Amino acid sequence: MKILIQNGRMIDPANGIDKVQDLLIEEGVIAKVGEKMTAKGAEVIDASGKIVTPGLIDTHVHLRDPGQEYKEDIVSGTRAAAAGGFTSLICMPNTKPVIDNRCVVEYIIRKANEEGSANVFPCGNISAGSKGEVLTEMHDLADAGCVGFSDDGLPVISGEIMLRALEYARPIGKPIVVHAEDLSLTGDGVMNAGVVSTELGLKGIPWVAEDAMVARDIMLAEFTDSQVHICHISTKGAVEAVRQAKARGVKVTTEVTPHHFTLTEEAVRGYDTHAKMSPPLRTAEDVAAMKAGLADGTIDGIATDHAPHHPDEKNVEFSIAYNGIIGLETALPLTLKLVEEGALTLNQAVAALTSQPAKAFGLDRGTLAAGAVADVTVIDPELEWTVDAEALQSKSVNTPFNGWTMKGAAVYTLRSGQVTWKRQ
């Protein structure tokens, strides 16, 4: 099967390409890139006025499969990904059961390959049962297909366990992926500690709960000469810690979510549980730091932390509502908004969604070079649409962006040369 994508503005940061040209796909592989191409028998996609990029990569999603399929499953989650322009996902291990053994890894990969609309790369657990006590068999998990190790949803409290995890992962060549939070400082806080939490009478989570653990894990990575990846960074102090560590040559990468560079703690007013997440929404100063970190390369990638929940888990008092929002279908336009406001160039935005996440996790994706797997996204940057939570592809509707007017969307998503999404 041949597909010829013509006349699009091709942006391929991995290869320094930003020009109008064509792309030919044959048998699931990018066969050729050039100008004014023709291909006998090929299906033609006219990308005039559109942007053609490598398939978007999300390094942080919760597919809830196995064990919590009432919230999301691999089929619905990857369908939402395709609708958002994503062709590859790294799924977090806080499933039921958790991803601490080969059987669960193989189940996820098999189901994604057979029934999914995106590539799914599992992230295995750091510790057995996410208990933070005994390390998993990381070599076996990596051999089964895991691309990193995390207890996401929970921090690794023990410094010794984190040290041993970094030492163990180093020869495997996979990152330790950390949820940076000192639970003794978080306590029973439910939002960012500050003026808004005081006014609302809600218990706050101080920024130091994140900063302290980011600093610890950076130092441990430096001590062991191992790679650590900081999940969903949200404070200006954490960004500065990563910036300084990179300057010293520490092997640290990080990601930021669209909600952490778009929303502030003000979104919690009205006790909107769709604005409750971990880490919590921070201040305007923190949001500015997220944008600056993306612009100067301190923050490597943009990841959604897509966290579906049933309405019964959100339509409750703020203090007992579950943390998290869905984000696969709103990430692209929120990222393009950074370009519109001048915080990022278009090339920087595309790199943060493609080549840089691929590099951080060693994925053979994120490029439009000839010979590469044909994961491709065609984007209409001018398309305006209104978020209707009930009409999204996810099983869940927990988004704070319901009713927002968005600009920009994937109009075609191709995984291994197969169209997984076509916007009607």
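The values are calculated or read from the model by the stated rules, or taken from the named source; none is laboratory data. Since the structure is predicted, the reported quantities are computational estimates derived from the model, not experimental observations. Note that we place each Cβ from the backbone using ideal geometry, even for glycine, and neighbour counts take in every protein chain shown.
The rows are residues; the columns are (1) hydroxyl-bearing (Ser, Thr, Tyr); (2) farther than 22 Å from LEU63 by Cα.
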| site | (1), (2) |
| --- | --- |
| LEU334 | no, no |
| THR354 | yes, no |
| LEU368 | no, yes |
| VAL378 | no, yes |
| THR386 | yes, yes |
| THR413 | yes, no |
Practice problem: Test GLY408 against the stated conditions and say whether it is surrounded by fewer than 18 Cβ atoms within 10 Å (Cβ to Cβ) and over 30 Å from GLN227 (Cβ atoms). | Solution: no
Self-check item: Which listed residue is among the β-branched types (Val, Ile, Thr) and crowded, with 22+ Cβ neighbours inside 10 Å, from ILE172, ILE176, ILE157
Solution: ILE176
Quiz item: Within the bounds of the range 376-385, is there any residue that is of a type in the set (Phe, Trp, Tyr) and more than 17 Å from ASN119 (Cα to Cα)?
Solution: yes
Quiz item: With respect to the numbered conditions (1) free of Cβ contacts under 8 Å to residues at least 12 places away in the same chain; (2) assigned to a loop (DSSP other than H, G, I, E, B), which one is the sole condition not fulfilled by TYR271?
Solution: (1)
Exercise. With respect to THR136, determine if the residue is among the hydroxyl-bearing types (Ser, Thr, Tyr) and farther than 21 Å from PRO93 by Cα.
Key: no
Quiz item: Within the range 396-424, which residues are under 26 Å from TYR322 (Cβ atoms) and in contact with a Lys or Arg (Cβ under 6 Å, 6 or more places away or on another chain)?
Solution: SER396, ASN398
Self-check item: Condition broken by LEU353, with the remaining ones in (1) touching a residue at least 60 places away in the same chain (Cβ under 8 Å); (2) in contact with a Lys or Arg (Cβ under 7 Å, 6 or more places away or on another chain); (3) not aromatic (Phe, Trp, Tyr) satisfied
Solution: (2)
Practice problem: Would you check if VAL61 is of a type outside the set (Lys, Arg) and over 15 Å from the mean Cα position of the chain (by Cα)? | Solution: no
Quiz item: Given THR345, THR335, THR304, which one is among the β-branched types (Val, Ile, Thr) and closer than 15 Å to ASP380 by Cα?
Solution: THR335
Exercise. Kindly indicate whether any position in the range 298-308 is over 29 Å from GLY270 (Cα atoms), hydrophobic (A, V, I, L, M, F, W, C) and assigned to a loop (DSSP other than H, G, I, E, B).
Key: yes
Exercise. Return the only residue of LYS276, LYS251 being surrounded by 24 or more Cβ atoms within 10 Å (Cβ to Cβ), at pLDDT 95 or above and charged (D, E, K, R).
Key: LYS276
